[in-house]
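Worksheet for the structure shown next.
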Amino acid sequence: MKHTKIAELLKSDLFLQDFTVKGWVRAFRSNRFIALNDGSTLNNLQCVVDFENTPEEVLEEINVGAAIEVRGMLKESEGKGQRVEIEAKEIKILGIANPEDVKKTILSPKRHSLEKLREQAHLRVRTNTFGAIMRVRSQLSFAVHQYFNKNGFNYVNTPIITGSDAEGAGEMFKVTNFDIKNPPKKEDGSIDYKEDFFGKESNLTVSGQLEAETYALGLGQVYTFGPTFRAENSNTSRHLAEFWMIEPEVAFCDLDGNMDLAEDFIKYVIQYILENCEDDLAFLEDRLAQEDKSKPQAERSPMLLREKLRFVVENQFKRVSYTEAIDILKNSKPNKKKKFNYIIEEWGADLQSEHERYLVEKHFKSPVILFDYPAKIKAFYMRLNDDGKTVRAMDILFPGIGEIVGGSQREERLDVLETKMKELGVDEKELWWYLDTRRFGTCVHSGFGLGFERLVLFATGMGNIRDVIPFPRTPKNAEF
Ligand code: ATP
Ligand code: MN
């Protein structure tokens, strides 16, 4: 008999019919009530065991963590806490879980810290919290593809191994086939990369943007959604060494269009999970509210999780120029009282996350799009404004997260781009193909990068980016 998903049964009215379910035991009370979870939903199915007619050896192996199959009749439940239950007729043990061993793991039914759960990342998805997070993550990534598909974007897969290290978005991981103890050397003693697998130095990508741009200038509207790697030694709760990035790139689109796209996109995917992840979001909302209780008043979130999500969907993001933001920051209390770690003294300063969070959480109390940054603190490919000192860049800042999106209108003028590359020491020879796009049918175009895990952080209300990706990669940690 084919087995039925628990999510389906919990909604079903097919009473008195027989079903088979398969899942993992979350609890077994009084030798009679099994709470069974199969991952299809946060909620467990209660299976009522007829212990008099169940063999002793089966009863003994219905332990927390075991995989079992239950065949039985769907009934309206008499007990509180569930609408339906399965009256078991036959139980098969599919995979045992020894209680003594289970006790040593996070499968044991008690509260475990998030740190403890991280150490057992291979088992943590069997907890309510991680089941909920990972279902929300999955729904979000579906919504990402749906949004772009509905809006006429082409999904492109940019290379993961790249020969260019010019993007400058972060430190890169090297890719090599050399015996690192004994790489081929040139006469002058330096490593001879001509002998390496690709015949040149190669790295893991930090961004698919430059390649995506070339595709936008042919397909019109494209997006990437893939893994990116940054060897940055920043041990923060917002940075991973391996993360997933969404990078749309659009021809004939200026910075205003880019901001519109980013805002519309974020609202769409958040709305999608509000509609499709109700149980999981309700659970995560409670979790967050509980966690908040143990924090000092000032650090508590002023809104519940779903209120926060609805707020984003229903309100316009504030659009503020960098210059306005600097004025606000210069005159802010924490700046005057020297409470910031980095005091804002003058125009041109790079904003630290403390400044971004002040703008979003204290001043505007809303998502903020900052635009027109000083050219000096931004990448070479961003379009220079007529003032000669700012570029058409934009960052989207979110409450509790800081930067969630970084984007820009791209410099489409060959001469301006070349001058800029010379100034910044970006190798023109290496990026010959990128410059070609400005030689042949160049046009106004724009795009942005959104760190998927930062979006999942926001959507789930979690505080640490290590808890929204199945197996986090961070400095000194690549277990699993
Ligand atoms: P930050 O200042 O937070 O380090 P960034 O300026 O380096 O970000 P970009 O290079 O613009 O970021 O990358 C685009 C987006 O990718 C960021 O807005 C952010 O959402 C995400 N992102 C960047 N670095 C990381 C990282 N190490 N881990 C997870 N997400 C990241
Ligand atoms: Mn960074």
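At a glance:
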{"item": "Pairs beyond 25 Å (Cα-Cα), from LYS333/LYS365; LYS80/LYS110; LYS336/LYS362", "result": "none"}
{"item": "J(HN,Hα) series, the stretch 235-246, from Karplus relation 6.51 cos²θ - 1.76 cosθ + 1.60, nearest Hz, glycine and proline x", "result": "7, 10, 8, 10, 10, 10, 7, 10, 9, 9, 10, 10"}
{"item": "Packing rank of 147-158, 83-94, 342-353, where each peptide gets the mean count of other beta carbons within 10 Å, highest leading", "result": "83-94, 147-158, 342-353"}
{"item": "Residues of type lysines that LYS5 reaches as a straight line, Cα spacing below 21 Å, ignoring anything fewer than 8 places off in the same chain", "result": "LYS22, LYS75, LYS89, LYS92"}
{"item": "Under 20 Å, Cα to Cα: Lys pairs in the stretch 147-300, sequence gap 8 or more or different chains", "result": "11"}
{"item": "In degrees, nearest ten, helix 128-150 long axis to first principal axis of the chain (Cα)", "result": "50"}
{"item": "Angle between the chain longest axis and helix 305-314 axis [Cα atoms, degrees, rounded to 10]", "result": "50"}
{"item": "Derived scalar couplings ³J(HN,Hα) [the stretch 326-340; Karplus, 6.51 cos²θ - 1.76 cosθ + 1.60; whole Hz; x for Gly, Pro]", "result": "5, 4, 4, 5, 4, 8, 7, 4, x, 6, 5, 8, 6, 8, 5"}
{"item": "Two-site label geometry, SER321 and GLU430: point separation in nm, points 7 Å out along Cα→Cβ", "result": "3.4"}
{"item": "5 angstrom amide H check on SER40, placed H, neighbours 5+ away", "result": "ILE6, ALA7"}
{"item": "Zone of VAL125's modelled label, taken as backbone nitrogen in the stretch 55-73 under 18 Å from a point 7 Å along Cα→Cβ", "result": "65-68"}
{"item": "Solvent-accessible area, 1.4 Å probe, carbon plus sulfur percent, for the chain", "result": "49"}
{"item": "Estimated FRET transfer efficiency when R0 is 30 angstrom, pair GLN271-LYS11 (beta carbons, to 0.05)", "result": "0.85"}
{"item": "FRET E, pair ASN43, SER190, Förster distance 60 Å, beta-carbon r, rounded to 0.05", "result": "0.45"}
{"item": "Size of charge dipole - the chain - debye, nearest 20, with Cβ of Lys, Arg +1 and Asp, Glu -1, no other charges", "result": "1340"}
{"item": "Rounded to whole Hz, the Karplus (6.51, -1.76, 1.60) HN-Hα couplings of the stretch 393-407, x for glycine and proline", "result": "9, 9, 10, 9, 10, 10, x, x, 10, x, 5, 10, 10, x, x"}
{"item": "Stretch gain in nm, segment LYS336-ARG111, where the contour uses 0.36 nm per residue and the Cα spacing is subtracted", "result": "76.7 nm"}
{"item": "Two-site FRET efficiency, LYS150 against ASN182, from Cβ-Cβ distance with R₀ of 51 Å, rounded to 0.05", "result": "0.40"}
{"item": "Nearest-ten-degree value, helix 414-424 long axis tilted from longest Cα axis of the chain", "result": "80"}
{"item": "Surface per residue (accessible, 1.4 Å probe) for the chain, Å²", "result": "51"}
{"item": "Relative packing of peptides 57-65, 298-306 - highest average C-beta neighbours within 10 Å first", "result": "57-65, 298-306"}
{"item": "For THR390, distant residues with modelled amide H under 5 Å away", "result": "ALA375, ASN385"}
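The values are calculated or read from the model by the stated rules, or taken from the named source; none is laboratory data. As the structure is a computational prediction, the values presented were derived from the model and not from experiment. Methodologically, a virtual Cβ is constructed for each residue, glycine included, from the backbone with ideal geometry; neighbour enumeration extends over all protein chains shown. Heads up: the accessible areas ignore ligands, DNA and RNA and are worked out on the full protein's heavy atoms, side chains in. Shrake-Rupley method; radii C 1.70, N 1.55, O 1.52, S 1.80 Å.
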